[in-house]
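Engineer: Have a look at the structure that comes next, please.
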Amino acid sequence: MAFNNKWVLISGMTQNSFLTPLGPMTRAEIIAQALDTHIHNRWIKRSSYWLYAGLLVIIMFISIVIITQYPQRLAFFLLVWLTGLTTSLSLWVFDSFNYWTPIFSPLVQIITTWIIFMGYISNRLEKQHFELQQEKEYLKELEQLKNNFVS
């Protein structure tokens with residue numbers, strides 16, 4: 001009666017060890033792990049495409065707002081924080097709900113957004129610097145004309 005509705009695994013004396021992501025296991029332990037996954041329905045599920053695409057769009061907009069609204073050093077710190085948050089959120093969802101959400105794409109997206117918008121901001125600052133140089137030259141010339149007129 002003690003074994004009613006129970007699974008019993010019997011292993012041989014040879015304890016060949018197999019390397020698994022959970023560490024070295026015997027054949028019986030691997031089968032027990034597979035049975036536990038099957039019984040408790042703990043299969044790894046992939047998150048839906050639209051949810052993942054929406055997550056990428058949200059991360060992109062947050063990255064753009066951070067890069068364009070904050071100073072460069074603070075923006076870099078906030079983007080590092082965002083990558084950590086994205087990674088830990090993905091790991092938490094996987095650990096708690098068995099939903100796999102890839103981490104690599106959001107991280108590459110954040111880095112690419114940083115590179116592209118730093119180029120854009122650098123170009124904008126260079127243009128402002130050029131305009132200030134032109135205005136400085138114009139004011140210098142105007143000062144020279146004023147001095148010539150007064151003398």
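The values are calculated or read from the model by the stated rules, or taken from the named source; none is laboratory data. Keep in mind that this is a model prediction, so the values were computed, not measured. Note that we place each Cβ from the backbone using ideal geometry, even for glycine, and neighbour counts take in every protein chain shown. What goes into the accessible areas is simple: the full protein's heavy atoms, side chains included, and nothing from ligands, DNA or RNA. Shrake-Rupley method; radii C 1.70, N 1.55, O 1.52, S 1.80 Å.
Engineer: Under 19 Å from a label point 7 Å along Cα→Cβ of residue 36: give me every residue in segment 94-118 with its amide N that close.
Structural biologist: What the label zone holds, given the 19 Å backbone N cut-off, is 94-99.
Engineer: What full-extension length gain, to one decimal in nm, is calculated for residue 45 and residue 92 as 0.36 nm per residue of separation minus the Cα-Cα distance?
Structural biologist: Here the segment from residue 45 to residue 92 would lengthen by 15.5 nm.
Engineer: Among 133, 54, 120, flag the residue with its Cα farthest along the positive direction of the charge dipole of the chain, charges on Cβ as +1 for Lys/Arg and -1 for Asp/Glu.
Structural biologist: Ranked along the dipole, the leading option is 54.
Engineer: Calculate, for the chain, the solvent-accessible area per residue in square angstrom, rolling a 1.4 angstrom probe over the heavy atoms of the protein chains.
Structural biologist: With the other protein chains kept in place, the chain gives 83 Å² per residue.
Engineer: How large is log10 I(q)/I(0) at q = 0.26, 0.32 Å⁻¹ when the Debye formula is applied to the Cα atoms of segment 66-116, each weighted equally and without solvent?
Structural biologist: Once normalised to I(0) and log-transformed, intensities are -0.93, -1.17.
Engineer: Give me the distance in nm between label points sitting 7 Å out from Cα along the Cα-to-Cβ direction at residue 133 and residue 61, one decimal.
Structural biologist: Label-label distance for residue 133 and residue 61, simple model: 3.9 nm.
Engineer: Determine the calculated [θ] at 222 nm for the chain from helices alone, applying -39500 (n - 2.57) to every DSSP H run no shorter than 4 residues and normalising by the residue count; nearest 500 deg cm²/dmol.
Structural biologist: Computed ellipticity for the chain at 222 nm equals -25500 deg cm²/dmol.
Engineer: Which helices of the chain meet both criteria: a Cα extent of 27 Å or more along the helical axis and a mean Kyte-Doolittle score no lower than 1.0, with helices taken as whole DSSP H segments?
Structural biologist: 49-69, 72-97
Engineer: Report, largest value first, the span of the C-alpha coordinates of segment 3-151 along each principal axis, in whole Å.
Structural biologist: So the three principal-axis extents are 113, 32, 19 Å.
Engineer: Run the numbers on segment 1-133 and let me know its relative contact order in percent, using alpha-carbon pairs under 8 Å that are six or more apart.
Structural biologist: 23 percent
Engineer: Place a +1 charge on the Cβ of each Lys and Arg in the chain and a -1 charge on the Cβ of each Asp and Glu, then give the dipole magnitude about the Cα centre in debye, rounded to the nearest 20.
Structural biologist: Taking the Cα centre of the chain as origin, the dipole is about 460 debye.
Engineer: Give me the lysines in straight-line cross-link reach of residue 140: C-alpha distance below 26 Å, same-chain residues under 8 apart excluded.
Structural biologist: Cα-Cα hits under 26 Å: 127.
Engineer: Another question about this same structure. With each pseudo-label sitting 7 Å past Cα toward Cβ, what's the residue 116-residue 151 distance in nm, one decimal?
Structural biologist: 5.6 nm
Engineer: Continuing with this model, one more query. Ignoring any ligand, DNA or RNA, what whole percent of the accessible area of the chain comes from carbon and sulfur when the probe is 1.4 angstrom?
Structural biologist: 66 percent
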